[in-house]
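Scroll down for the structure; my scribbles are underneath it.
Bear in mind that the values in this text are calculations on the coordinates, not laboratory data. Because the structure is a prediction, the values reported are computed rather than measured. So basically every Cβ, Gly included, is an ideal-geometry build from the backbone, and we count neighbours across all protein chains shown.
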Amino acid sequence: MPELPEVQTVVSDLEKKVVGKTIVDFGSEWKRRVRPSFAGLRRGMIGKKIIGSRRIGKHIILDLSSGYSIVIHLKMTGHLLLKRFGSSTTKFFDERVNGYVRHWFEFGDGSRLEFSDMRKFGWVALVKTSDVLNMKEIASLGIDALDVGLTFKKFNKLLEKKSKSKIGIILLDQHWIAGVGNIYRSEILFDARVHPERLVEDLNLVERKKIYLVMRKILRKAVRLRGTSDVDYRDTDGKKGTFQNFLNVYRRTGLKCIGCGGKVKTFKIGQRSVFYCSECQK
């Protein structure tokens, strides 16, 4: 699933490439993932100009000139592709992963934004801009992992509320802090040298601060490198991100640990696989 760095990459691309464009048509071949309805969504967006692009957690928000907003969640395998006729990046769109187009937006200048999603879990919704923060999927989110207001003091206070929980589970809890998923959870805990099953109450202040600093460092680096293309994720040009070239433990089961030379291991925690080194992470 695209996480904070991948979604931020897409949002930054859209800010440069589609803000100012007018939507002249919308189509879908998977209407059950369009809200409130296909007809209602088309009626509410056609003829409207996109005036802004932003991110809330893993949600993409396109604000319209009408006072409404398009909210998109990429879910497990979704990504957005902006196709411009005569573009030199067209070759990337031929990759199979970019061929599962479920929804598409057409603009007045002839360009087209496509939502490719192999698993069909992603969704598109149209809501009043003033109601975006009240959507059930968004209202329940915790503070963003890269929010300037997330100081270590606040981070530690949030940890204290989950003192009996395992840190490997807490990092994935979007109601606590939004944006971290399975990829970055494993990378953060490895870099911090903290075992995923450690209880929060057993982490000392130094370890907690290390997790906080590492989380911010890794997420920012992943944003600079335009995300991790582990499987399906691609940017709006259909290109892969490059953070996968810097992964230390994620999907490296059985390979040598870069820290001690031992082997990277994996197990399930919170119904998701976590990757770690039992020697480096205590």
Of Arg32, Arg55, Arg234, which is the most mobile in a GNM of the chain whose springs link Cα atoms less than 10 angstrom apart? Arg32
Could you order the peptides 191-201, 133-143, 1-11 from most to least packed, using the average number of other C-beta atoms within 10 Å per residue? 1-11, 191-201, 133-143
Once Rh for the range 144-214 is found with the Kirkwood sum over Cα pairs, what is the Stokes-Einstein diffusion coefficient at 10 °C and 1.306 mPa s, in µm²/s? 133 µm²/s
For every other residue with a beta carbon closer than 13 angstrom to the beta carbon of Ser278, add +1 if it is Lys or Arg and -1 if Asp or Glu, then tell me the sum. +3
To make sure I understand the rule: partners must be lysines, Cα under 20 Å from the Cα of Lys263, and not fewer than 8 residues away in the same chain. Which ones qualify? Lys282
Suppose R0 equals 35 Å. What FRET efficiency, 1/(1 + (r/R0)^6) with r the Cβ-Cβ distance, do Arg43 and Thr253 give to the nearest 0.05? 0.10
Report the Cα centroid-to-centroid distance between the range 197-263 and the range 159-186 in angstrom, as an integer. 14 Å
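If you place +1 on the Cβ of every Lys and Arg and -1 on the Cβ of every Asp and Glu, how big does the dipole about the Cα centre of the chain come out, in debye to the nearest 20?
Working: 55 positive and 30 negative charges, 80 e Å.
Roughly 380 debye for the chain.
In percent, how large is the relative contact order of the chain, given Cα pairs closer than 8 Å and 6 or more residues apart? Show your work: numbers first, answer last.
Working: 561 pairs, mean separation 54.9, N = 282.
Reported as a whole number, the value is 19 percent.
Quick one: net charge around Val206, please, counting Lys, Arg +1 and Asp, Glu -1 for every other residue with C-beta under 14 Å from its C-beta. Kindly include the intermediate steps, with their values, before the conclusion.
Numbers: positive: Arg193, Arg198, Arg208, Lys209, Lys210, Lys282; negative: Asp202, Glu207.
Neighbour charge sum, excluding Val206 itself: +4.
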Would you mind checking the range 191-221 for residues with the amide N under 20 Å from a putative spin-label position 7 Å along Cα→C-beta of Lys153? 205-214, 216
Using a Gaussian network model of the chain with C-alpha springs under 10 Å, which one of Leu62, Leu205, Leu41 is most mobile by mean-square fluctuation? Leu205
Given Cβ charges of +1 for Lys and Arg and -1 for Asp and Glu, the option among Ser229, Trp104, Ile218 whose Cα lies farthest towards the positive end of the dipole of the chain is Ile218
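Rounded to the nearest 500 deg cm²/dmol, what is the calculated helix-only ellipticity per residue at 222 nm for the chain, with -39500 (n - 2.57) per DSSP H run of length n ≥ 4?
Values: 7 runs with 70 residues, N = 282.
Here the helix-only value at 222 nm equals -7500 deg cm²/dmol.
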Check the cysteines of the chain one by one and keep only those with no other cysteine Cβ under 4.7 Å from their own. Cys260
List every residue whose amide H lies under 5 Å from the amide H of Asp144, counting only residues 5 or more places away in sequence or on a different chain, with H placed 1.01 Å from N in the peptide plane. Ala178
Which cross-chain or sequence-distant (5 or more) residues have an amide H under 5 Å from the amide H of Lys48, H modelled 1.01 Å from N in plane? Ile23
